[in-house]
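Trainee: Right, I'll just put the structure down here and ask away after.
The values are calculated or read from the model by the stated rules, or taken from the named source; none is laboratory data. The structure presented is a predicted model; accordingly, all values stated were derived computationally and were not measured. When we count neighbours, we look across all protein chains shown, and the Cβ atoms used for this are built from the backbone with ideal geometry, even at glycine.
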Amino acid sequence: MIQVAIVGASGYSGEDLVRLLLSHPQAELAAVTSRQYAGQTVAQVFPKFAHHPRAKTLRFSEPKAELLAKQAQIVFLALPHGVAAEFAVPLLQLGCQVIDLSADFRVKSAAVYKDFYAHDHPAPELLAQAVYGLPEVYREQIRQASLIASPGCYPTSILLPTLPLLKAGLIQPASIIADSLSGVSGAGRKAELDYLFVECNESVRPYGIPKHRHLSEIEQELSIAAGTQITIQFTPHLIPVNRGILTTLYLTPTDNNASSLVSRLTACYQAAYANEPFVRLLEGKALPDTKNVVGTNVIEIAWRHDPRTGRLIVMSAEDNLVKGAGGQAVQSMNLMCGFPETAGLI
């Protein structure tokens, strides 16, 4: 059993990490931190886990890197951007492997990070060693990594459907449009007016226009795949559900031969994902639906060609707190430790 810890375990992503790691067959949750709940047991803070024996004895503590390094080999950072790096630096120096769920190490350029996050990067010396934690794309690099930058929820929903098509040269790099709808948990567990029930219920609204922070990592990864700089149009929306993301992509094919286009897309996706345990390719009439992925580490992908406009319509659905956060982070941990990739996730 490998010993693991979660820093910032009281947020939504942290809570899902607690859920997954309490029942992981090859990992033991050795420490959870929260300044707000220090001294309380996991069962007290999250009564839904009270049936688990470990939840009754494991107590939240103040986050201290030196103590965490003695308790755990792998430390998950479920912290806001800017704060996570403050823990990553000493934990790595103390010999821990770090899986960061914040944005601190996703972007390779400190200048781009400053442009999108409006402050200097707190640990630019670590950017080169961080591995972007998208297992379906960087599986072998993740196996050897000591620092994982786990992708954001929106980027996961956009990159997994788009990257194979770019690499195969099936779509034009310019004019990619992405519309995404996310549940309110994507904003994190915080008391702000915009996220109160009365403000969100019976309401659908866009936000982060025109430059959402996740664009930095989305455009970085798309540009790597295409071998050229890519800029996309991205519009996120807040919808009145607890969790789940539905993304619709509008893409321009490089060859608009309608008779073979869909079959070429199908072959491309099958080659990329047919053996992936957490990618569900929908063929026939089926379309992605958040109700089919919530609570799982699965992303659904479907595709259509619109002969009227000549465009491709590619759609995905995922749980923003599992495949978009905690589940994907555990998937990376499994790779780092040589466990079955599906351990604790099915």
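Trainee: Find all pairs meeting these conditions: Cβ atoms under 6 angstrom apart; at least six residues apart or on different chains; first residue within segment 58-81 and of a type in the set (A, V, I, L, M); second residue part of a loop (DSSP other than H, G, I, E, B) and surrounded by fewer than 20 Cβ atoms within 10 Å (Cβ to Cβ).
Mentor: Matching pairs, first to second residue: Ala69/Leu94.
Trainee: So which residues in segment 289-321 are crowded, with 21+ Cβ neighbours inside 10 Å, farther than 21 Å from Thr342 by Cα and β-branched (Val, Ile, Thr), if there are any at all?
Mentor: Result: Val314, single match.
Trainee: How many residues does segment 243-274 contain that are among the aliphatic types (A, V, I, L, M) and more than 21 Å from the chain's Cα centre (by Cα)?
Mentor: Of all residues in segment 243-274, those among the aliphatic types (A, V, I, L, M) come to 245-246, 249, 251, 258, 261-262, 265, 267, 271-272, 274.
Next, from what is left, pick out any that are more than 21 Å from the chain's Cα centre (by Cα): 251, 258, 261-262, 265, 267, 271.
Here the count works out to 7.
Trainee: Of the residues that make up segment 327-341, is at least one surrounded by fewer than 21 Cβ atoms within 10 Å (Cβ to Cβ), in contact (Cβ under 8 Å) with a residue 12 or more places away in the chain and in the same structural domain as Ala187 (by TED's automatic domain parsing)?
Mentor: The answer is no; no qualifying residue exists.
Trainee: If you go through segment 101-139, how many residues are under 25 Å from Glu276 (Cβ atoms), part of a helix (DSSP H, G or I) and not acidic (Asp, Glu)?
Mentor: Residues flagged as under 25 Å from Glu276 (Cβ atoms), part of a helix (DSSP H, G or I) and not acidic (Asp, Glu) within segment 101-139 amount to 4.
Trainee: Could I ask something else about it? With (1) in contact with a helix residue (DSSP H, G or I) (Cβ under 9 Å, 6 or more places away or on another chain); (2) hydroxyl-bearing (Ser, Thr, Tyr); (3) surrounded by fewer than 18 Cβ atoms within 10 Å (Cβ to Cβ) as the list, and Ser260 as the residue in question, which single condition is left unmet?
Mentor: (1)
Trainee: Within segment 86-102, which residues are in contact with a strand residue (DSSP E or B) (Cβ under 8 Å, 6 or more places away or on another chain) and not β-branched (Val, Ile, Thr)? Working first, answer last.
Mentor: Step one: list which residues in segment 86-102 are in contact with a strand residue (DSSP E or B) (Cβ under 8 Å, 6 or more places away or on another chain), which gives 87-88, 91-92, 96-102.
The answer is Phe87, Ala88, Leu91, Leu92, Cys96, Gln97, Asp100, Leu101, Ser102.
Trainee: Something else about it: Given the criteria among the β-branched types (Val, Ile, Thr), buried (at least 19 other Cβ atoms within 10 Å of the Cβ) and more than 16 Å from Ser157 (Cα to Cα), does Ile230 qualify?
Mentor: Taking the combined requirement at face value, the residue satisfies it.
Trainee: Please give the number of the condition Ile142 fails out of (1) closer than 30 Å to Leu265 by Cβ; (2) in a loop (DSSP other than H, G, I, E, B); (3) touching a residue at least 60 places away in the same chain (Cβ under 8 Å); (4) not hydroxyl-bearing (Ser, Thr, Tyr).
Mentor: It is condition (2) that Ile142 fails.
Trainee: Also, quick follow-up: May I ask you to say which residue of Ala271, Ala286 is exposed (fewer than 13 other Cβ atoms within 10 Å of the Cβ), touching a residue at least 12 places away in the same chain (Cβ under 8 Å) and under 20 Å from Lys167 (Cβ atoms)?
Mentor: Sole residue among the options that is exposed (fewer than 13 other Cβ atoms within 10 Å of the Cβ), touching a residue at least 12 places away in the same chain (Cβ under 8 Å) and under 20 Å from Lys167 (Cβ atoms): Ala271.
Trainee: Test Ala149 against the criterion of being surrounded by 15 or more Cβ atoms within 10 Å (Cβ to Cβ) and touching a Gly at 6+ places or on another chain (Cβ under 7 Å), and give yes or no.
Mentor: Judged against the criteria, Ala149 is a match.
Trainee: Which residue, of Ala55, Ala65, is in contact with a strand residue (DSSP E or B) (Cβ under 8 Å, 6 or more places away or on another chain) and surrounded by 15 or more Cβ atoms within 10 Å (Cβ to Cβ)?
Mentor: Ala55
Trainee: Please count how many residues of segment 240-252 are surrounded by fewer than 20 Cβ atoms within 10 Å (Cβ to Cβ) and either in contact with a helix residue (DSSP H, G or I) (Cβ under 8 Å, 6 or more places away or on another chain) or not assigned by TED's automatic domain parsing to the domain that holds Val298 (or both).
Mentor: The number of residues fulfilling the criteria is 3.
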